[in-house]
Amino acid sequence: MARDEWEKKLSISKRELASLIKELKKWSAPATTLLSLYIPPGRPLSEVMSLLRQEYSITDNIKLKRTRQAVKRALSAAMDRLQQIPKVPPNGLVVFCGEDMKTGRFECFVFSPPERINVFYYRTDKRFITEFLEELVEDKDAVGIIIVERDQATIGLLRGTRLEVLDEIEGYVPGKHKMGGQSQRRYERIIEQMVEEFFKKVGEEANKRLVPLVEKGVLKGVIVAGPGYAKKDFVEGGYLDYRLRKLLAPELIDVAYQGLQGLKEVVLKAEKVVATQMYRDVINAMEEFKAHLARNTGMVVYGDREVLQALEMGAVKTLLVHEARPDVEKWEEEAGKSAAKVIVVPETLPEAEWFYKTFKGLAGILRYKIGR
């Protein structure tokens with residue numbers, strides 16, 4: 001088999017990997033018999049085989065016969081599969097071998113992931129170790145969160161299910177005072193200037209952290225939150241880069257805390273806002289599709305045969321495909337031939353069920369009208 005052929009045979013897509021991870025997470029064993037092996041590109045397979053042979057040689061020290069036999073079987077299967085592979089592919093290799101306690105089914109999964117892995121890892125456990133792969137299939141789209149007060153701010157990021165603090169900023173703004181007359185007005189102007197300087201600092205840090213994500217096409221929205229009126233003053237003061245202002249959610253969220261606790265409060269209080277921001281591209285495409293349907297413009301197409309014909313003509317501008325369809329990869333490939341934008345409709349979108357039932361989860365928005 002030619003090198004490119006076996007590499008292609010081992011490679012799996014992101015969607016296939018996500019499905020496999022769900023399957024692997026169901027597997028369990030009564031003892032540490034499930035084998036997980038990660039091999040990064042550049043690692044000689046001879047070194048890996050030597051490690052596995054060494055592990056096999058010490059399995060005789062395992063007291064329980066059933067556990068000893070299960071580990072030997074997993075190691076043997078892994079070595080047998082690796083012997084058939086001439087070299088580690090560019091994205092690395094992953095091996096999972098073992099017997100599922102619930103079903104008694106034995107499998108040895110060997111594949112190259114859709115993105116490069118950089119870790120060399122071997123372990124036998126009561127479960128398969130999938131954590132290194134979960135990052136590869138996690139939704140890369142992100143929502144920026146800015147919690148701002150007059151003298152405190154948190155800049156955070158929600159990416160998939162992961163919530164992280166990017167920066168925490170503190171300033172000093174004096175509180176109440178007992179001065180009167182001109183002294184009071186002068187003191188209030190000083191305080192206002194200090195608040196403005198702090199807001200500028202927050203804006204600069206937010207721009208530094210979030211604008212690069214806009215340029216990469218990752219950031220889908222920005223939510224501003226905080227107690228009192230400071231968040232409104234911050235937004236209206238124009239301290240954010242114009243690219244971030246375009247992504248601002250229209251609703252400001254009231255929260256009492258800063259830091260990670262504050263970010264969690266934002267996500268809990270603004271679930272719909274977060275979803276709207278995260279799925280901005282999907283929602284916009286769905287609204288355009290529905291608008292064409294309502295006006296009967298002739299600028300949409302649906303039905304597998306009709307969509308395929310339109311794609312082959314190069315007439316499709318945007319392809320909408322429901323994530324529950326088993327042939328999503330096929331349609332992404334077809335769309336790529338004519339540079340059509342692909343929007344995968346998540347099941348969590350309110351219109352997703354309607355789209356799937358009414359149009360079988362497939363439709364296209366056209367660049368121009370085509371004859372029927």
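The values are calculated or read from the model by the stated rules, or taken from the named source; none is laboratory data. Quick caveat, the model's predicted, so the values are computed rather than measured. Counting neighbours? That spans all protein chains shown, and the Cβs are built from the backbone with ideal geometry, glycine included.
Couple of notes before you dig in:
- Residue match in segment 119-132 (condition: in contact (Cβ under 8 Å) with a residue 40 or more places away in the chain and within 19 Å of residue 7 (Cα to Cα)): no
- Strands (runs of 3 or more DSSP E) wholly inside segment 109-166 that include at least 2 residues being over 19 Å from the mean Cα position of the chain (by Cα), crowded, with 20+ Cβ neighbours inside 10 Å and at pLDDT 90 or above: 142-148, 152-159
- Long-range neighbours under 9 Å by Cβ, at least six apart or interchain, first residue loosely packed, with under 12 Cβ neighbours inside 10 Å within segment 330-348, second part of a helix (DSSP H, G or I) and not hydroxyl-bearing (Ser, Thr, Tyr): 337/311; 337/312; 347/353; 348/275
Let's see how each residue does on (1) over 27 Å from residue 225 (Cβ atoms); (2) in contact (Cβ under 8 Å) with a residue 60 or more places away in the chain:
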| position | (1), (2) |
| --- | --- |
| 275 | no, yes |
| 308 | yes, no |
| 318 | yes, no |
| 328 | yes, yes |
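- Hits in segment 200-212 (condition: of a type outside the set (Gly, Ala, Ser) and either surrounded by fewer than 21 Cβ atoms within 10 Å (Cβ to Cβ) or without any contact (Cβ under 8 Å) to a residue 40 or more places away in the chain (or both)): 200, 201, 204, 205, 207, 208, 209, 211, 212
- Filter result for residue 36 (at pLDDT 95 or above, surrounded by 11 or more Cβ atoms within 10 Å (Cβ to Cβ), on the phi < 0 side of the Ramachandran plot and small (Gly, Ala, Ser)): yes
- Residue in segment 150-161 that is hydroxyl-bearing (Ser, Thr, Tyr) and touching an Asp or Glu at 6+ places or on another chain (Cβ under 8 Å) present: yes
- The single condition among (1) within 29 Å of residue 348 (Cα to Cα); (2) surrounded by 14 or more Cβ atoms within 10 Å (Cβ to Cβ); (3) out of contact with any strand residue (DSSP E or B) (no Cβ under 7 Å at 6 or more places or on another chain) that residue 226 does not meet is (3).
- Residue check, residue 263 touching a Leu at 6+ places or on another chain (Cβ under 7 Å) and under 30 Å from residue 334 (Cβ atoms): no
- Flag if residue 102 is modelled with pLDDT under 90, out of contact with any Leu (no Cβ under 6 Å at 6 or more places or on another chain), outside the structural domain of residue 259 (by TED's automatic domain parsing) and among the basic types (Lys, Arg): yes
- For beta carbons closer than 6 Å, sequence separation of 6+ or different chains, a first residue in segment 18-37 that is farther than 10 Å from residue 99 by Cα and a second that is surrounded by fewer than 20 Cβ atoms within 10 Å (Cβ to Cβ) and modelled with pLDDT of 90 or more, the qualifying pairs are 21/130; 24/130; 31/67; 32/125; 32/126; 36/123; 36/129; 37/122.
- In segment 273-313, the qualifying residues are those that are under 18 Å from the mean Cα position of the chain (by Cα) and charged (D, E, K, R), and the one that is modelled with the highest pLDDT is 281.
- Counted residues, segment 330-362 - those being among the hydrophobic types (A, V, I, L, M, F, W, C) and farther than 12 Å from residue 317 by Cβ: 9
- Pairs with Cβ under 6 Å, 6+ apart, first in segment 246-264 and over 16 Å from residue 279 (Cβ atoms), second in a loop (DSSP other than H, G, I, E, B): 253/270; 256/227; 262/255
- For segment 314-321, the count of residues that are modelled with pLDDT under 90 and among the polar types (S, T, N, Q) is zero.
- Verdict on residue 270 being among the small types (Gly, Ala, Ser), surrounded by 13 or more Cβ atoms within 10 Å (Cβ to Cβ) and modelled with pLDDT under 90: yes
- Yes/no for residue 349 being of a type outside the set (Val, Ile, Thr) and in a strand (DSSP E or B): no
- Segment 194-253, subset under 17 Å from residue 158 (Cα atoms) and small (Gly, Ala, Ser), residue farthest from the chain's Cα centre (by Cα): 226
- Lone unmet requirement of (1) free of Cβ contacts under 8 Å to residues at least 24 places away in the same chain; (2) in contact with a strand residue (DSSP E or B) (Cβ under 7 Å, 6 or more places away or on another chain) for residue 95: (1)
- Every residue from segment 352-370 that is within 17 Å of residue 286 (Cα to Cα) and in a loop (DSSP other than H, G, I, E, B): 360, 361, 367
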